[in-house]
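The values are calculated or read from the model by the stated rules, or taken from the named source; none is laboratory data. The model shown is predicted, which means the values in this text are computed figures rather than measured ones. A quick note on method: Cβ atoms are made from the backbone with ideal geometry, for glycine too, and the neighbour counts reach across all protein chains shown.
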Ligand code: C2E
Ligand code: MG
Ligand code: MG
């Protein structure tokens, strides 16, 4: 809607005002013209008054004064004695007479009408006076003073009086007529004035009425608007102004209403906005409260953290560990007291310096240095050992831990470098490392280092696609040297042998001592198996010469087993094992020779693996059983005991001999549960036999070194004996010498602990291993069992015979009974009996038997000749 019709209504109030002003101007014009008329009339009347009243009066007055002057001059004329004065007076008189004559005529012409009687009277008397005066003049001139006087008194005087009187009447008449005229004029003027006043009053009244109407018209509307404004001011937006008329106020009212509508809209919007705002304020207040609470918690937390930080800061500053904090570029910003002390520098020297500059680059491993700098550049954590330079120029080794310090936004701002002086430890470690890596005797790398080099060699060979040869060297007959000439000579022999081996290989090859008389040579880069031959020749040649030691000339030869990477194994351990196996082949082939790992060995290995796999479930599948071999007193042939021997009949492999699986069970640890089963089963078997009348039988059970680890075996035995209700004395544990060699101290402790249970302990297989009789003294053995390999040739081999004899006499010295194994013939039995061997065991009496067979055998035996030979 157009608020204001600009063409139709533009400036309507203005027009109204203009119209009013024009009306006022017209009114004022009328008034002015009326006033003008009145003024003109009044002027005309004044002029008329002047013409009609004032001028006749003035002229009459002038005639009066002229007549009186003439009279005076006439009267005085007769007293004028002086001629000249008389002349002057007569002339003056004549002039006045003429003037009067003239003025009188003029008066008559102009105003004579209406005064006819006086005019005639005056005219008449004037004529007579004039002649009387003339006579007086004449008499005076003639010197007839008296005459003159008389004439003046009697003739002129009456005429003069009449004239003077008539003039006065004239004056009175004129005055009377003038008064009427003036009264008329004044009345006229007054009526004019009244008209003027009336008009003015009427005009004024109309103007006032118009103005009142006009102002009321506007003021009313303005008031309405004012009230509307007032209401708006008070917030009432509902009330609208009445739209009246077609002027600016109308437009204003419309504008106002429009404005009001808009305001109402705005207010609605504002109210909504306010409500929204209030809502938001509420929400915000709630949020603020929550954040306030959080803030408070944070403040408390901060205070706690600050306290912790303070403590931490003190701790960092006072900790004996060197702490350095660098900026993100590695520039040192903080060093604690320990770091200052350790470096020898003053704090100022260190601050601002690069953390890298503290590293002694020459001493530090290149890889460590690169790792450290890379970690520092790549925001990584790093821990390692670095060599640092002290102020004194000395170097020291430090265990360094570098860790980036990150903000919650994962921005790295600092690095924390914690350093610990490990110079002493490192020296110690180096020493230990050397000791751990090198053989103290030969100064060759030991087994550990040898294996490391081998592993490294394998990696390189794989990378470069080379072959690699592993030589397992065992010195033949070394054990004899050791046993017969003592350990010192043995040691010297090993040193020389090592040196000879070293001389046979290239610098790139590795020679290590694996232990005892076993050496390892690694040839890291060969192209084929035959590349080993020159070295093998050299070794053979080097050992062809005897060793001269302490006046002894010793012939010691090597047995060498070789395995080749990658054909014979993918890793060092397998290669070494296969070389070892090959070495045994060489030994078996008569010693002082070499053997490459071959197919047969491999098959054995496969078999071994199968055994290993199957053995795992043997117990569970109840594939294991025990056979019992009788042990008989050599002299009386009396059955005194049994040896329980394990049997395994596998569904896949068939019967597997103990020699094939015991070692594997030992290596895999399966021997422990199997061994426990053996002890329990054997004990129960003895108990069973007892019930069947077989009393006083000792039970020998074989135990492996692995079973003797820890304290578990004692408990198992104890429990088994208890369950079978057996005396501990009836149980003998058979252990081999190997146990003593590996860990003598522990072996001794374990054996002593077992002995405390009251059981007996036998040294089994004497003669096959180290065969040191001194062990009999040093360990708590109760029985010595001579291996069947010696018994086998007892009749033909004097050496074996001597060894058995020596063993028997030594045992006798120690009060230990001897059991000879593998007695197959009566001859063997007799020799042993003659040697005062206490007990025997072998096929001569019986093979190991299943329990029920054993009972039959016992019956047979006790009724046979053998058992009663010597009885
Ligand atoms: P060992 O303890 O020396 O047992 C004697 C071995 O000699 C037995 O072999 C036995 O059958 C055999 N033998 C006995 N008399 C003669 C003979 O006159 N001639 C011949 N040629 N051999 C005879 P076996 O049963 O094969 O046992 C071999 C080895 O296995 C045992 O040697 C023992 O060291 C080990 N062994 C057997 N059973 C167990 C066991 O339960 N636990 C442990 N740890 N080892 C066992
Ligand atoms: Mg045995
Ligand atoms: Mg044996």
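In this structure, does residue 454 turn out to be in contact with a strand residue (DSSP E or B) (Cβ under 7 Å, 6 or more places away or on another chain) and either assigned to a loop (DSSP other than H, G, I, E, B) or outside the structural domain of residue 336 (by TED's automatic domain parsing) (or both)? Here the answer is yes, as residue 454 does meet what is asked. Being within 16 Å of ligand 3 (Cβ to nearest atom), under 23 Å from residue 633 (Cα atoms) and out of contact with any helix residue (DSSP H, G or I) (no Cβ under 7 Å at 6 or more places or on another chain) is the requirement here; does residue 727 meet it? Against the criterion (within 16 Å of ligand 3 (Cβ to nearest atom), under 23 Å from residue 633 (Cα atoms) and out of contact with any helix residue (DSSP H, G or I) (no Cβ under 7 Å at 6 or more places or on another chain)), residue 727 does not qualify.
Conditions tested, residue by residue: (1) away from ligand 1 (no atom under 16 Å from the Cβ); (2) under 30 Å from residue 475 (Cβ atoms).
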{"position": "602", "(1), (2)": "yes, yes"}
{"position": "620", "(1), (2)": "yes, no"}
{"position": "630", "(1), (2)": "no, no"}
{"position": "649", "(1), (2)": "no, no"}
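All of 76, 51 fail the test of being free of Cβ contacts under 8 Å to residues at least 24 places away in the same chain and farther than 22 Å from residue 155 by Cβ, apart from 51. Only residues that are within 16 Å of ligand 1 (Cβ to nearest atom), under 30 Å from residue 758 (Cα atoms) and surrounded by fewer than 23 Cβ atoms within 10 Å (Cβ to Cβ) were counted across the stretch 784-816, and they come to 2. Under the condition of being under 15 Å from residue 444 (Cβ atoms) and either in a loop (DSSP other than H, G, I, E, B) or not assigned by TED's automatic domain parsing to the domain that holds residue 592 (or both), the residues counted in the stretch 461-517 number 5. Can you tell me how many residues in the stretch 698-733 are assigned to a loop (DSSP other than H, G, I, E, B), within 16 Å of ligand 2 (Cβ to nearest atom) and within 16 Å of residue 755 (Cβ to Cβ)? Qualifying residue count for the region: 1.
Pairing residues of the stretch 319-341 that are under 21 Å from residue 411 (Cβ atoms) with residues that are assigned to a helix (DSSP H, G or I), at Cβ distances under 7 Å and at least 6 apart in sequence or on separate chains, gives 324/339; 324/355; 326/355; 330/355; 330/356; 330/376; 332/350; 332/355. Can we say residue 687 is assigned to a helix (DSSP H, G or I), assigned by TED's automatic domain parsing to the domain that holds residue 824 and either without any contact (Cβ under 8 Å) to a residue 60 or more places away in the chain or more than 16 Å from ligand 3 (Cβ to nearest atom) (or both)? Considered against the rule, which asks whether it is assigned to a helix (DSSP H, G or I), assigned by TED's automatic domain parsing to the domain that holds residue 824 and either without any contact (Cβ under 8 Å) to a residue 60 or more places away in the chain or more than 16 Å from ligand 3 (Cβ to nearest atom) (or both), residue 687 comes out as yes. Scanning the stretch 715-739 for residues that are more than 15 Å from ligand 1 (Cβ to nearest atom) and within 27 Å of residue 787 (Cβ to Cβ), we see that the one that is surrounded by the most Cβ atoms within 10 Å (Cβ to Cβ) is 730. Answer with yes or no whether residue 754 is within 16 Å of ligand 1 (Cβ to nearest atom), closer than 24 Å to residue 642 by Cα and touching a residue at least 40 places away in the same chain (Cβ under 8 Å). It is true that residue 754 is within 16 Å of ligand 1 (Cβ to nearest atom), closer than 24 Å to residue 642 by Cα and touching a residue at least 40 places away in the same chain (Cβ under 8 Å). Checking each residue in the stretch 549-563 for being out of contact with any helix residue (DSSP H, G or I) (no Cβ under 9 Å at 6 or more places or on another chain) and in a strand (DSSP E or B) picks out only 553.
Can you say whether residue 761 is within 14 Å of ligand 2 (Cβ to nearest atom), more than 27 Å from residue 476 (Cβ to Cβ) and in contact with a helix residue (DSSP H, G or I) (Cβ under 6 Å, 6 or more places away or on another chain), as far as the supplied structure shows? For residue 761, the condition - within 14 Å of ligand 2 (Cβ to nearest atom), more than 27 Å from residue 476 (Cβ to Cβ) and in contact with a helix residue (DSSP H, G or I) (Cβ under 6 Å, 6 or more places away or on another chain) - is met. Scanning the stretch 808-823 for residues that are more than 16 Å from ligand 2 (Cβ to nearest atom) and closer than 23 Å to residue 843 by Cα gives a single hit, 808. Note on the stretch 570-582: among residues that are touching a strand residue (DSSP E or B) at 6+ places or on another chain (Cβ under 9 Å) and farther than 18 Å from residue 531 by Cα, the one that is surrounded by the fewest Cβ atoms within 10 Å (Cβ to Cβ) is 571.
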